[in-house]
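For reference, the structure is listed below as structure tokens.
The values are calculated or read from the model by the stated rules, or taken from the named source; none is laboratory data. Model, not experiment: these values are computed from the prediction. All Cβ positions, glycine included, derive from the backbone under ideal geometry; neighbour counts span all protein chains shown. These accessible areas exclude ligands, DNA and RNA; they are computed on the full protein's heavy atoms, side chains included. Shrake-Rupley method; radii C 1.70, N 1.55, O 1.52, S 1.80 Å.
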Amino acid sequence: MTTSRVTAALCATALAATLTASVTTTTASGAAPSQRGKPVTDYGFAGRAYGSVAKASPLAVGSAPTAPTYLACTRRAGIDRDNFVAASGGGSGSALEVTRADNSTESFRTGTRVGTRSISRVASATLGSPGGPTLTIEGIRTVGTAYARRADGKLAATTEATANRIESNTGTPLDAVLNEADAGLDTLLEAITDAGGTLIVPGLGELQSGEDVTRVDRSAAVARVAAIKAKLYGEDGLPGGGDDVKAILGRSRAAVYADVTGGVFRGRSIPLEAQVAGGLLDVGRVVDKPMPCPGTNGKVRQLSSGSPDLGNADLIEVAALRGRAFGVQENGSARGWTDATVSSVDIGNGRVRLSGIVGRVNVRTDRSGAVVGNTIEGSSIGRLVIDGEKQDAPRPGDVVEVPDLATLEFFLRDRGARGSDVIAVRITLRPGTPEESVIDLGHARAYITRS
């Protein structure tokens, strides 16, 4: 849930429509291949790759990740995901134009290794607004690989980032350095390093090295790599002014997790989430705590936030959010839970007050992989007061109508074969108060899959 005000959110709705009209994207991607027949291993695999992403200030043109590929945590080797975008961005006012992003993520098993590989390929990326200084990087390729040796189970991770050619039209001494025939990504990264980590190009923006991180311990190996990070100044060629764009080129991430024989965890805890104006704009999440693929190694992982300002003339006031996750592998079995807590909520200047809002899901498997526990025990509403009168404790399926204000639905559960999804309370505001909105409080999700 964002802390922005509803009035600002409605303005952002109009902006989102503008962005959609300003970005041309052609995508070609086949349907997700079947996992049937793919070998199940004792390892967990996960990965992600995309060509670029641009996060804009409110007045600038931004974009979602181009041609993203995701490999959700799985124990199966031989799973492939790929995506392709012919063009993204460009046009008046755009600070980043990407041509032909082709990304892939796979889990693999060879004679000596099992692991995950994510690859991002971008044919060409032009940084800078039309008519101003520009920097074009061609043939960007990043690779993140995480694997385990089949002989001894030793984990490892590697990264790679390259570019074939750079064309610099900045009107600065950088042009002479980068326009040489053999100048590639290493040449640009060296210039960034020589500048102290941030290379300021007048009229264009600020360039930084992307990312090159490998993390290996007894339980996991993770590789993260990106080619370049940049803050682009936009049409005015100056920092600030509302048209700056933060961009990342060539992002790849790969991870392999040891010993997930009890099952693969999937889930998250989201204390507060909402949609404004009939779903035209996702206001978002203040707290979103995901459950890691292998669990949390028996530790409680927590994320919390103070009181977000929903900006709707005090129609809804929310206090203290917390999301937690716990998961552990236990010699072939697994157990875990997620919970999402909201300390209190006040609706309609005190007409409705709820406190102690908790959504929780608990899941357990036995050594055969069968689910032997799948409950929402621990989900609760501590107190509900409407128009000054305390109400009975809500039960699953209860619906309460508050005239001229809202509908409250309690403990909405989606029960699956291997876990559950629960929302402790859903608040649907009446139209005209000031906007028809849906707010979910205490949203918890937890599953343990076999593969």
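Structure notes:
- Computed with a 1.4 Å probe on the full set of protein chains, the accessible area for residue 70 sits at about 120 Å².
- Sequence-separation-based contact order of the stretch 135-207, relative, with Cα cut under 8 Å and 6+ spacing, percent: 24
- Added length on full extension, which subtracts the Cα-Cα distance from 0.36 nm per residue, residue 138 to residue 158: 4.9 nm
- Summing charges over all other residues whose Cβ lies under 12 Å from the Cβ of residue 179, with Lys and Arg as +1 and Asp and Glu as -1, gives -3.
- Per residue, the average separation of C-alpha pairs within less than 8 Å and at least 6 apart gives the stretch 353-403 a relative contact order of 34 percent.
- The residue 355 and residue 72 beta-carbon pair, evaluated with R₀ = 51 Å, returns a calculated FRET efficiency of approximately 0.90.
- The simple spin-label model puts a point 7 Å past each Cα toward its Cβ; for residue 383 and residue 236 those points are separated by 4.9 nm.
- Charge tally in the Cβ shell below 10 Å around residue 290, where Lys, Arg are +1 and Asp, Glu are -1, residue 290 excluded: +4
- Solvent-accessible area assigned to carbon and sulfur over the stretch 300-420 amounts to 43 percent, based on a 1.4 Å probe.
- Gain in span if fully extended, residue 176 to residue 401, counting 0.36 nm per residue against the direct Cα distance: 74.0 nm
- For the residues 420, 344, a 1.4 Å probe over the protein chains yields an accessible-area ranking, largest first, of 344, 420.
- Most tightly packed first, judged by the mean number of other beta-carbon atoms within 10 Å of their residues, the peptides 121-134, 192-205 read 121-134, 192-205.
- Of the GluC sites (Glu not before Pro) found in the stretch 104-194, those that fall in a DSSP loop while having at most 13 other beta-carbon atoms within 10 Å are 180.
- Backbone phi angles across the stretch 213-219, fed through the Karplus curve with coefficients 6.51, -1.76 and 1.60 (θ = phi - 60°), yield HN-Hα couplings of 10, 10, 10, 9, 9, 5, 9 Hz in residue order; Gly and Pro are listed as x.
- Separation of the residue 320 and residue 193 label points, Cα + 7 Å toward Cβ, nm: 4.9
- Cα gyration tensor shape for the stretch 329-422, rounded if a/c is under 1.5, else prolate or oblate: prolate
- Using a Förster distance of 25 Å, the FRET efficiency for residue 112-residue 417 (Cβ separation, nearest 0.05): 0.10
- Gain upon complete extension [residue 123, residue 344; 0.36 nm per residue less C-alpha separation]: 74.5 nm
- Spin-label model, residue 217 to residue 375: label points 7 Å out along the Cα-to-beta-carbon direction sit 3.1 nm apart.
- In the stretch 370-451, Cα pairs under 8 Å separated by at least six residues give a relative contact order of 22 percent.
- A cut-off under 14 angstrom between Cβ atoms defines the neighbours of residue 130, and their net charge, with Lys, Arg +1 and Asp, Glu -1, is -4.
- Distance-filtered residues of the stretch 96-113 - backbone nitrogen under 14 Å, label point 7 angstrom along residue 150 Cα→Cβ: 108-113
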